[in-house]
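Working notes, beginning with the structure itself.
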Amino acid sequence: MDENTTRAAIVAEAKTWIGTPYQSNAMVKGHRGGVDCAMFPIAVYAEIGCIPKEFDPRPYSPQWHVHRNEEKYVQYVSSFSKEVPGPPERAPLPADFVMFKIGQVLAHGAIVVEWPVVIHAVGNARVTVDDISKQMIGKRALWTVPKRFFSIWN
């Protein structure tokens, strides 16, 4: 597949996860399944063939980002992608991955649909499509927290 076809396939696969309940360390699609914001992109990118299906960083503590300052999530995302500039230098493209600083480190991730619209697994909720310019995480607007962007393309 060419890049545009692959990007469209990633977004289409991500949409098939909408409604899957949030469950830490899980990766089972559907209303009776569960997934978190770390395993969701792994499942999506692996299904399309962008990362190895056997890649699995589990187990990890659901609260690791609150108690540590080690960028574990960034480390494994970086093993399959490269960091790219974000706005205003570069508009994120469909299928790019955005990471948000929650707690002490980048601890929440989402797949870009059409910036600023993303698909992500929201804690204590489910996989959903959100315009992050209007989305809150706890008491903070997701739009305002530090972000880094990644792409599987060079």
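The values are calculated or read from the model by the stated rules, or taken from the named source; none is laboratory data. Please read all numbers here as calculations on a predicted model, not as lab measurements. Cβ: placed from backbone, ideal geometry, glycine included. Neighbour counts: every protein chain shown.
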Given (1) at pLDDT 90 or above; (2) exposed (fewer than 13 other Cβ atoms within 10 Å of the Cβ); (3) under 23 Å from D130 (Cβ atoms), number of the condition A8 does not satisfy: (2)
Are any residues in the stretch 87-104 part of a loop (DSSP other than H, G, I, E, B) and in contact (Cβ under 8 Å) with a residue 40 or more places away in the chain, and if so, which ones? R90, P92, L93, P94, A95, D96
For F55, state whether it is over 18 Å from P146 (Cα atoms) and out of contact with any Lys or Arg (no Cβ under 8 Å at 6 or more places or on another chain). yes
Condition set hydrophobic (A, V, I, L, M, F, W, C) and over 16 Å from L93 (Cβ atoms), scope the stretch 11-30, selection surrounded by the most Cβ atoms within 10 Å (Cβ to Cβ): answer is W17
Filter result (within 15 Å of I152 (Cβ to Cβ) and not acidic (D, E)) within the stretch 6-43: T6, R7, A8, A9, I10, V11, A14, P41, I42, A43
Residue selected from the stretch 134-147 under the condition touching a Leu at 6+ places or on another chain (Cβ under 8 Å) and not in a strand (DSSP E or B), by the criterion surrounded by the most Cβ atoms within 10 Å (Cβ to Cβ): Q135
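Conditions (1) touching a strand residue (DSSP E or B) at 6+ places or on another chain (Cβ under 8 Å); (2) at pLDDT below 95, marked per residue:
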{"site": "Y60", "(1), (2)": "no, yes"}
{"site": "Q63", "(1), (2)": "no, yes"}
{"site": "E70", "(1), (2)": "yes, yes"}
{"site": "S81", "(1), (2)": "yes, yes"}
{"site": "A95", "(1), (2)": "yes, no"}
{"site": "M99", "(1), (2)": "yes, yes"}
{"site": "I111", "(1), (2)": "yes, no"}
{"site": "G123", "(1), (2)": "yes, yes"}
{"site": "I132", "(1), (2)": "yes, yes"}
Of the conditions (1) surrounded by fewer than 19 Cβ atoms within 10 Å (Cβ to Cβ); (2) without any contact (Cβ under 8 Å) to a residue 24 or more places away in the chain, V118 satisfies every one except a single condition; which number is it? (1)
